[in-house]
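Student: The structure under discussion is supplied below as structure tokens; questions concerning it will follow.
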Amino acid sequence: MTKICVVGLGYVGLPTASLLANRGFQVYGVDVNTHIVETINRGAIHIYEPDLDVLVRAAVNSGNLRATLEPREADVFILAVPTPFQGEHKPDISYIKAATKAIAPYLGADNLVILESTSPVGTTEQIGDWIGELRPDLKRVYIAHCPERVLPGKVLKELVENDRIIGGINPESTAKAVSFYQQFVNGEILATNARTAELAKLTENAFRDVNIAFANELSLICNQLDIDVWQLVELANRHPRVNILQPGPGVGGHCIAVDPWFIVDSAPEQARLIRVAREVNDHKPEHVVSQVQAAASKLKQPVIACLGLSYKANIDDLRESPALEIVKALAKQQTEEIWVVEPHIQQLPATLAQLGNVTLVPLEVALPKADILVLLVDHQDFINLDRQLIEGKTAIDTRGIWH
Ligand code: SAJ
């Protein structure tokens, strides 16, 4: 098995394709976006992830990684395309369907098709049905789910070191996929069936979501009772069997804020706690907005500076970011200008720029002039800042770094 076709060159597909290329596989990276294909073929990257630029450059220079718009014949096909929502919290697997259609003409007997995209239960089996319809001539294709589990910011390390769950649509598919991943993963490979692998991935993110919701609910309770939630969590966590996560402005990212809904969609009657946790976390930005409004109403035309826009610390990823939602809501409600400090981006996203009263400013500009500081992301730059500079200002610290 030497030729690999990776479909989808995003946060998961691109690191995977370049890792495989650097391990000596011949890799075709497929993406529907011409800009992405051209960028990668120049040895450059279109997303930020620590050290990914070096890995991609090496992969392209070695001649083992080539990006293309169309798939090619290969031994292994890895699908790493998005699974967003369609409408109200319903999973949209149309990108997986499109990717399956795209690879179908290139499939050969005994090829292995792996779905890495986080998917609702039953999707891997569905791929098997689609391939059966599109290529009735094919005698045997192996199909398995191997959910990606990498943490943005630590992708390259986790891609190799994390344990991987692999579930095929039959035991032969599982076995074939296990032997493929064993070639480049140092973590343990855990074999199961496709449906369990799908739910395992969703469960991991739902577990985290429920636990963050617990912390966020505590922050509302503490706000009501005038108690410092950060101290509360620290104290309660000194119990040997308690490990509360950190409250924040809400839960962002393309995974934890999305995946639990796939479970709710599949088993709405049973998934009650998972649904409420999602609602608690989704409500948190609104709470922060009302805290800022309450503070602003006590001052005359205050200058409000929001620190951080990404969905978590030290990355540039704005997807589903609660910080973005908070800034947008504040800008819509305040007539005055809202300042945003986000050291990881060069320009505001269109959704904020078009509002007309949001400006991206450097920290040195915001700090001396702002009356209200709304800390939304615990970027290192904000943790490091001289505390004297925030003295006398109203600070709304949603991450607990200044408490
Ligand atoms: N957050 C809190 N409090 C905490 C921890 C996180 O408010 O104590 C917030 C973050 O600020 C962020 C959100 O939760 O807005 C999610 O951040 P995260 O770092 O927990 O996770 P992600 O979304 O970056 O990556 C997750 C990971 N899943 C788990 O840890 C179970 C990663 O391993 C998955 O591969 C990834 O989702 C994915 O692609 O599914």
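Student: Let me have the 222 nm mean residue ellipticity of the chain computed from DSSP H runs of 4+ only, each contributing -39500 (n - 2.57), with the sum over all residues rounded to the nearest 500.
Tutor: Dividing the helical sum by the residues of the chain leaves -13000 deg cm²/dmol.
Student: For HIS283 and GLU337, FRET efficiency with R0 = 30 Å and r from the beta-carbon atoms, rounded to 0.05?
Tutor: Calculated value: 0.65.
Student: Additional query: Please list, or write none, the aspartates and glutamates whose alpha carbon is within less than 12 Å of the alpha carbon of LYS90, excluding same-chain residues fewer than 8 places away.
Tutor: Correct list for LYS90: ASP259, ASP265.
Student: Each residue of region 17-26 in order: what ³J(HN,Hα) in whole Hz does its phi give by Karplus 6.51 cos²θ - 1.76 cosθ + 1.60, θ = phi - 60°, with x for Gly and Pro?
Tutor: For region 17-26, the Karplus curve yields 4, 6, 4, 4, 4, 6, 8, x, 7, 8 Hz.
Student: Can you give me the relative contact order of the chain as a percent, contacts being Cα pairs under 8 Å and 6 or more apart?
Tutor: Relative contact order for the chain comes out at 11 percent.
Student: Looking only at the chain, where both bridge partners belong to it, what percent of the DSSP beta bridges are antiparallel (to the nearest 5)?
Tutor: Values: 4 of 45 bridges.
Once the DSSP bridges in the chain are tallied, antiparallel ones form about 10 percent.
Student: Right, next: Considering Cα pairs under 8 angstrom that are at least six residues apart, work out the relative contact order of region 79-168 and quote it in whole percent.
Tutor: About 27 percent, as a whole number.
Student: Give, as a single signed number, the net charge of other residues whose beta carbon lies under 12 Å from the beta carbon of LEU348, with Lys and Arg counted +1 and Asp and Glu -1.
Tutor: On the way: positive: LYS328; negative: GLU342.
Once positives and negatives cancel, what remains is 0.
Student: Assigning unit charges at the beta carbon (Lys, Arg +1; Asp, Glu -1) and nothing else, what dipole magnitude in debye, to the nearest 20, does region 9-111 show about its Cα centre?
Tutor: In total the dipole reaches around 100 debye.
Student: Same structure, new question: Identify, among ALA271, LEU309, VAL30, the residue whose Cα sits farthest towards the positive end of the charge dipole of the chain, taking +1 on the Cβ of Lys and Arg and -1 on the Cβ of Asp and Glu, with the dipole about the Cα centre.
Tutor: VAL30
Student: What whole-number distance in Å separates the alpha-carbon centres of region 121-142 and region 41-85?
Tutor: Cα centres, region 121-142 to region 41-85: 25 Å.
Student: Here is a follow-up. Work out the charge dipole of region 3-187 with +1 on the Cβ of Lys and Arg and -1 on the Cβ of Asp and Glu about the Cα centre, then indicate which of LEU19, VAL60, ASN186 is farthest towards its positive end.
Tutor: VAL60
Student: From the square roots a ≥ b ≥ c of the eigenvalues of the alpha-carbon gyration tensor of the chain, which class results: rounded (a/c under 1.5), prolate (a/b over b/c), or oblate?
Tutor: Cα axes put the chain in the prolate bin.
Student: Using +1 on the beta carbon of Lys and Arg, -1 on that of Asp and Glu, and nothing else charged, what's the dipole of region 70-113 about the Cα centre, debye to 20?
Tutor: Details: 4 positive and 6 negative charges, 30 e Å.
In total the dipole reaches around 140 debye.
Student: Kindly state, to the nearest 0.05, the FRET efficiency for ARG135 paired with ALA175, given R0 = 25 Å and r defined as their beta-carbon distance.
Tutor: Details: r = 22 Å, r/R0 = 0.88.
Step by step, r from the Cβ atoms, then E = 0.70.
Student: Once you keep just the Cα pairs under 8 angstrom separated by 6 or more residues, what percentage relative contact order results for region 3-187?
Tutor: Computed over region 3-187, the figure is 19 percent.
Student: Please give the charge dipole size of the chain, origin at the Cα centre, charges +1 on K and R Cβ atoms and -1 on D and E Cβ atoms. Round to the nearest 20 debye.
Tutor: Dipole of the chain, to the nearest 20 debye: 360 debye.
Student: Turning to a different aspect of this structure: Among ALA331, VAL365, GLY8, whose Cα lies farthest out toward the positive end of the dipole of the chain, if unit charges sit on the beta carbon of Lys, Arg (+1) and Asp, Glu (-1)?
Tutor: Toward the positive end, the furthest listed residue is GLY8.
Student: Once you've got the GNM for the chain with C-alpha springs shorter than 10 Å, pick whichever of PRO302, PRO260, PRO240 has the biggest mean-square fluctuation.
Tutor: In this elastic network of the chain, the residue with the biggest mean-square fluctuation among PRO302, PRO260, PRO240 is PRO240.
Student: Please sort 248-254, 219-225 by packing, taking for each peptide the average over its residues of neighbouring beta carbons within 10 angstrom, highest first.
Tutor: Working: 248-254: 24.4, 219-225: 13.9.
So the peptides 248-254, 219-225, ranked by packing, come out 248-254, 219-225.
Student: Straight-line reach from LYS369: which lysines have Cα under 16 Å away, leaving out those fewer than 8 places along the same chain?
Tutor: Output for LYS369: LYS300, LYS393.
Student: Cα-Cα over 28 Å: which of LYS101/LYS201; LYS201/LYS328; LYS97/LYS176; LYS139/LYS201; LYS154/LYS332; LYS101/LYS312?
Tutor: On the way: LYS101/LYS201 24 Å; LYS201/LYS328 31 Å; LYS97/LYS176 22 Å; LYS139/LYS201 30 Å; LYS154/LYS332 35 Å; LYS101/LYS312 35 Å.
Long pairs (Cα-Cα over 28 Å): LYS201/LYS328; LYS139/LYS201; LYS154/LYS332; LYS101/LYS312.
Student: Now for a different question. Which percent, to the nearest 5, of DSSP beta bridges fully inside region 1-128 are antiparallel?
Tutor: Among the beta bridges of region 1-128, antiparallel pairing accounts for roughly 10 percent.
Student: If you don't mind, another one. Quick one: grab the alpha carbon gyration tensor of region 3-187, order the square roots of its eigenvalues as a ≥ b ≥ c, and give me rounded if a/c is under 1.5, else prolate or oblate depending on whether a/b is larger than b/c.
Tutor: Because its axes are fairly even, with a/c under 1.5, region 3-187 counts as rounded.
All of the numbers you see were taken from the coordinates with simple rules; none came from a lab. Note that this is a predicted model, so its numbers are computed, not measured. In this analysis, Cβ positions are derived from the backbone assuming ideal geometry, glycine residues included, and neighbour counts consider all displayed protein chains.
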